[in-house]
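The values are calculated or read from the model by the stated rules, or taken from the named source; none is laboratory data. Since we're looking at a predicted model, the values are computed, not measured. Every residue, glycine as well, gets a Cβ built from its backbone with ideal geometry; the counts of neighbours run over all protein chains shown.
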Amino acid sequence: MVKKLFTGNKATAYGAMLARAQVVAAYPITPQTTIVERIADLVAEGKMKAKYVMVESEHSAMAASIAASNTGARAFTATSSHGLALMHEVLMWAAGARTPVVLVNVNRAMGPPWSVYADHQDAMSERDSGVIQFWAENNQEIMDSVIMAYKVAENKDVLLPAMVNQDAFFLSHTSEPVDVPDQEIVDQYLPPFETTVKLDVDDPKGFGSFIMPPQYMEFRGHMARSMDKAREVIKKADKEWEELTGRSYGGMMDMYKCEDAEFILFGAGTMMSTAKDVVDTLRKEGRKVGIARLRVFRPFPVDEIRYLADRAHAIGVLDRTFTFGYGGPLFNETNSQMYNHGKSPKTKNYIVGVGGRDVRQKHFRAIFDDLEKVAKEGYGKEGEVHWWGLLDGTTPEEEL
Amino acid sequence: MELPPRRNFEEVNDMAKLTIPEDELMRPGHMGCLGCGATQAMRFVLKAAGRKTILSIPACCWAVMPGVWPNTCLEVPELYTPFETTGASISGIKAALEVLGKDDVNVIGFAGDGGTADIGLQALSGVADRNDDVLYIMYDNEAYMNTGIQRSGSTPIGAWTTTTPVGTTQAWEKSPKKSVADIMIAHRIPYVATASAAYPEDLIRKVNKALSIKGTKFIQIFAPCPTGWKMDPGLTVKIGKEAISSRAFSLYEVEGGAIKINMKPKKTPLKEYLFKQGRFKHMPDYLINELESDLDSKWEELLFKEECSQKMLKKK
Amino acid sequence: MPMTIDEIPPTPMNTQDSRVVKTGGWRAFKPICDNSKCIKCWTCWKFCPDVAIAIGEEGPIYDYDHCKGCGICANECPVKCIEMIPENK
């Protein structure tokens with residue numbers, strides 16, 4: 001194991017190399033570009049034994065990845081925001097075709113107006129595509145997650161595509177020390193991709209033709225079952241990785257000081273590292289606070305949310321995006337999982353950091369204060385969905 | 001369910017008369033309409049390509065014709081893929097075969113005219129640009145037939161379709177047939193050809209030739225659609241032949257920038273070709289004359305290109 | 001009978017021979033060959049879009065389970081020895 005200074009994108013490229021991805025089809029988009037550049041370098045230098053297909057769009061990137069996976073090769077691609085949106089149709093196809101393609105999405109805002117900065121709308125909008133979603137907090141987690149994603153996606157009980165999410169620039173272009181595992185360790189963890197369900201001239205089959213209503217539902221049922229089974233597979237994969245490398249990401253959810261926490265913030269991505277620091281400070285002040293960081297968005301961490309529900313007086317849900325229906329996606333899903341659970345603490349939705357806006361320590365401190373106030377006095381003038389720091393002329397100082 | 005054994009060729013003395021390969025890789029029981037030219041095209045392509053072939057089929061008639069799940073009439077592996085992805089899909093298959101060390105398998109994209117000339121043009125351009133070692137076949141029935149006869153970029157001037165319904169305002173197809181073959185020639189890929197399901201020997205020769213060349217190959221196959229063209233399904237072959245003789249469609253191949261016209265039959269009147277099909281029945285004489293002179297000048301252009309090509313080859 | 005979810009593999013795959021579908025039921029006109037006139041050129045076989053003609057000793061052998069009766073064989077036969085007969089006769 002060697003410790004190296006890697007950006008999130010370089011960690012992504014090395015993750016794909018260590019996972020021995022055989023076909024890479026990708027199209028450049030800011031801030032994902034350095035992933036495809038690094039992979040091109042690794043292939044050109046002969047370090048990565050893969051065929052790099054320089055496609056003309058993200059749509060084609062995923063289409064070529066599905067075809068490669070269906071032919072029996074381990075396929076990898078990477079994209080961001082608009083690229084992911086263009087892929088939408090083919091992501092659904094990858095899931096329906098049961099091809100364990102792994103992609104990395106650098107979370108970036110959707111236009112207009114054009115923005116290349118961190119925002120979770122791109123990936124959260126893929127919540128119904130049938131794609132497993134991992135969410136990384138740092139560059140080490142990105143690299144480990146790419147390897148782990150193949151382990152989960154290629155599991156016979158799962159066979160679904162998987163996406164690893166990392167925040168634009170906060171991770172993609174920021175260097176951090178990363179433990180690069182030895183190839184032997186990764187090989188021990190991740191065996192070669194083998195499947196009998198593939199395009200084979202000696203055993204010809206058709207993949208994905210027309211079907212009538214009496215049987216379509218069963219295929220969707222299979223996908224739902226596999227997604228359910230993926231929860232245990234993910235926990236096992238996390239444990240096995242910990243045994244080999246000493247690193248675990250909490251299985252389905254990364255919980256930080258939640259056991260006895262009365263007030264918990266639940267959210268995704270890099271901003272949760274800042275939130276953990278704030279928890280350390282507040283704990284010293286005697287406040288029982290904790291952080292639940294989204295590790296897996298699909299399948300949704302149902303048991304973990306209910307575990308939090310059993311403990312917390314109130315849960316603040318941070319969304320770095322909005323559904324434009326009501327609230328943010330994490331808020332809605334969190335509430336849904338508690339409704340029939342029997343115990344549901346008060347929840348409040350904080351829309352934060354949209355389009356790459358900084359979410360600072362002072363914000364988390366103020367959010368914890370606000371959450372405690374909500375638990376005691378009920379919702380204030382913002383109601384249960386609070387656009388934190390929205391400049392409307394009356395924004396309080398602590399939100400700026 | 002017990003099936004009768006595959007009825008293949010019985011040993012007969014005059015087998016020598018067969019002008020196309022006897023092996024069948026397409027089975028009966030498919031969902032193609034009566035007299036479907038696209039099914040003939042598939043049958044001929046597979047006869048040429050053989051068993052060591054992987055097909056990629058986007059949304060098109062052929063996405064449905066092999067049979068409703070779990071049936072298939074094809075004896076080669078086939079990957080169904082979204083409408084606009086044929087070009088990318090065959091690249092992915094080929095890339096995987098390369099890394100897996102399987103270099104003896106033909107990869108063929110088999111897409112309709114809408115999936116090629118319109119929605120799939122970008123991915124087709126992508127694969128041609130990369131010059132990946134694949135064959136792309138566009139079976140051309142001149143409209144979106146599977147979705148119910150809507151006009152495509154490949155629909156010829158004057159044609160009725162459900163989206164160019166003529167009506168009382170002469171709302172027939174107004175723009176000329178997009179020449180995808182010309183677009184592919186402009187990509188400078190090693191082999192571009194046009195073929196017709198009415199001339200299987202020529203078609204099979206072209207598929208064989210294409211598969212012997214490394215790089216991206218493109219073949220456009222003219223495939224009459226009795227349902228969409230509102231014609232007698234028994235006339236598929238006749239109309240296919242008349243399309244060539246009336247110059248509505250031409251058979252040629254382009255290799256190394258040099259064009260060769262494969263068939264120069266005696267000219268037959270365009271009107272005879274058009275009026276065998278209900279989709280052209282409304283066409284007034286002036287429009288037919290306009291179209292005919294347009295096709296004639298296109299034919300002259302083709303002859304001129306061939307002449308230039310011969311000169312170019314002599315220089316080499 | 002539709003299959004249960006446990007009988008269906010998760011990947012949508014087409015593996016069954018399409019000949020289970022008897023497309024002969026679509027036919028309105030039935031091709032009948034007069035073998036005495038047949039010159040065994042196999043043009044009918046060549047153009048059949050339904051792969052419903054086999055080469056026989058005496059002439060074409062029709063697979064009426066699958067022949068849709070398009071009439072291409074009758075139209076293309078150079079000696080006109082194939083006749084299309086209405087099915088209800």
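Restricting the search to segment B:14-34, which residues are at the interface with chain C (Cβ under 7 Å from one of its Cβ atoms) and small (Gly, Ala, Ser)?
Within segment B:14-34, B:GLY29, B:GLY32 qualify.
Only residues that are among the charged types (D, E, K, R), within 23 Å of A:THR99 (Cβ to Cβ) and part of a helix (DSSP H, G or I): list them for segment A:26-70, please.
Passing the criteria: only A:GLU58.
Scanning for something more than 10 Å from chain B (Cβ to nearest Cβ), modelled with pLDDT of 95 or more and touching a helix residue (DSSP H, G or I) at 6+ places or on another chain (Cβ under 8 Å), does segment C:66-74 turn up at least one residue?
No; the residues of segment C:66-74 include none that is more than 10 Å from chain B (Cβ to nearest Cβ), modelled with pLDDT of 95 or more and touching a helix residue (DSSP H, G or I) at 6+ places or on another chain (Cβ under 8 Å).
Output the residues belonging to segment B:70-84 that are facing chain A (nearest Cβ under 7 Å), more than 20 Å from B:GLN150 (Cα to Cα) and part of a loop (DSSP other than H, G, I, E, B).
B:GLU75, B:VAL76, B:PRO77, B:THR81
Here is a list: A:ALA78, A:ALA153, A:ALA94, A:ALA73. Which entry is modelled with pLDDT of 95 or more, within 14 Å of another protein chain (Cβ to nearest Cβ), closer than 14 Å to A:VAL24 by Cα and crowded, with 24+ Cβ neighbours inside 10 Å? Break it down stepwise before answering.
Numbers: A:ALA78 fails: within 14 Å of another protein chain (Cβ to nearest Cβ); A:ALA153 fails: closer than 14 Å to A:VAL24 by Cα; A:ALA94 fails: closer than 14 Å to A:VAL24 by Cα.
Exactly one residue qualifies, and that residue is A:ALA73.
Would it be correct to say that B:ALA111 is in contact with a Lys or Arg (Cβ under 8 Å, 6 or more places away or on another chain) and crowded, with 24+ Cβ neighbours inside 10 Å?
Numbers: in contact with a Lys or Arg (Cβ under 8 Å, 6 or more places away or on another chain): no; crowded, with 24+ Cβ neighbours inside 10 Å: yes.
Judged against the criteria, B:ALA111 is not a match.
Just name the residue that is farthest from B:LEU18 (Cα to Cα) out of those in segment C:26-49 that are part of a helix (DSSP H, G or I), hydrophobic (A, V, I, L, M, F, W, C) and within 9 Å of chain B (Cβ to nearest Cβ).
C:TRP26
Just for segment B:35-69: of the residues that are in a helix (DSSP H, G or I) and of a type in the set (D, E, K, R), which one is farthest from the other protein chains (Cβ to nearest Cβ)?
Only one residue tops the list, namely B:LYS47.
For segment B:97-106, how many residues are in contact with a Lys or Arg (Cβ under 8 Å, 6 or more places away or on another chain) and at the interface with chain A (Cβ under 7 Å from one of its Cβ atoms)?
Matching residues across segment B:97-106 total 3.
State whether the residues of segment B:52-66 include one that is surrounded by 24 or more Cβ atoms within 10 Å (Cβ to Cβ), under 18 Å from the mean Cα position of the chain (by Cα) and within 23 Å of A:TYR52 (Cβ to Cβ).
yes
Of these, A:THR347, A:THR323, A:THR334, A:THR395, which one is among the hydroxyl-bearing types (Ser, Thr, Tyr), surrounded by 14 or more Cβ atoms within 10 Å (Cβ to Cβ) and in a loop (DSSP other than H, G, I, E, B)?
Unique residue meeting the criteria: A:THR323.
Which one of B:LYS271, B:LYS276, B:LYS314, B:LYS305 is farther than 15 Å from B:LYS177 by Cα and exposed (fewer than 13 other Cβ atoms within 10 Å of the Cβ)?
Result of the check over B:LYS271, B:LYS276, B:LYS314, B:LYS305: B:LYS314.
Within segment A:72-119, can you find the residues that are charged (D, E, K, R), within 29 Å of A:ASP203 (Cβ to Cβ) and in contact with a Lys or Arg (Cβ under 7 Å, 6 or more places away or on another chain)?
A:ARG74 - this is the single residue of segment A:72-119 that is charged (D, E, K, R), within 29 Å of A:ASP203 (Cβ to Cβ) and in contact with a Lys or Arg (Cβ under 7 Å, 6 or more places away or on another chain).
If A:THR323 satisfies every condition in (1) closer than 19 Å to A:MET124 by Cβ; (2) among the hydroxyl-bearing types (Ser, Thr, Tyr); (3) modelled with pLDDT under 95 but one, which is the exception?
Going through the list (1) closer than 19 Å to A:MET124 by Cβ; (2) among the hydroxyl-bearing types (Ser, Thr, Tyr); (3) modelled with pLDDT under 95, A:THR323 breaks only (3).
Evaluate segment C:55-64: report whether one residue or more is under 22 Å from B:LYS241 (Cα atoms), more than 7 Å from every other protein chain (Cβ to nearest Cβ) and either buried (at least 21 other Cβ atoms within 10 Å of the Cβ) or at pLDDT below 95 (or both).
Within segment C:55-64, not a single residue is under 22 Å from B:LYS241 (Cα atoms), more than 7 Å from every other protein chain (Cβ to nearest Cβ) and either buried (at least 21 other Cβ atoms within 10 Å of the Cβ) or at pLDDT below 95 (or both).
Scan segment B:193-243 for residues that are closer than 21 Å to B:THR162 by Cα and part of a strand (DSSP E or B) and jot them down.
Passing the criteria: only B:PHE222.
Taking B:LYS94 and the conditions (1) more than 9 Å from every other protein chain (Cβ to nearest Cβ); (2) of a type in the set (D, E, K, R); (3) surrounded by 24 or more Cβ atoms within 10 Å (Cβ to Cβ), which numbered condition does it fall short on, given that it satisfies the others?
Here B:LYS94 meets the rest and fails (1).
Quick check: is even one residue across segment A:103-118 of a type outside the set (A, V, I, L, M), under 26 Å from B:TYR80 (Cα atoms) and either touching an Asp or Glu at 6+ places or on another chain (Cβ under 6 Å) or surrounded by fewer than 22 Cβ atoms within 10 Å (Cβ to Cβ) (or both)?
no
Of everything in segment B:114-132, what is surrounded by fewer than 24 Cβ atoms within 10 Å (Cβ to Cβ) and more than 19 Å from B:PRO190 (Cβ to Cβ)? Give them in sequence order.
Within segment B:114-132, B:ASP118, B:ILE119, B:LEU121, B:GLN122 meet the criteria.
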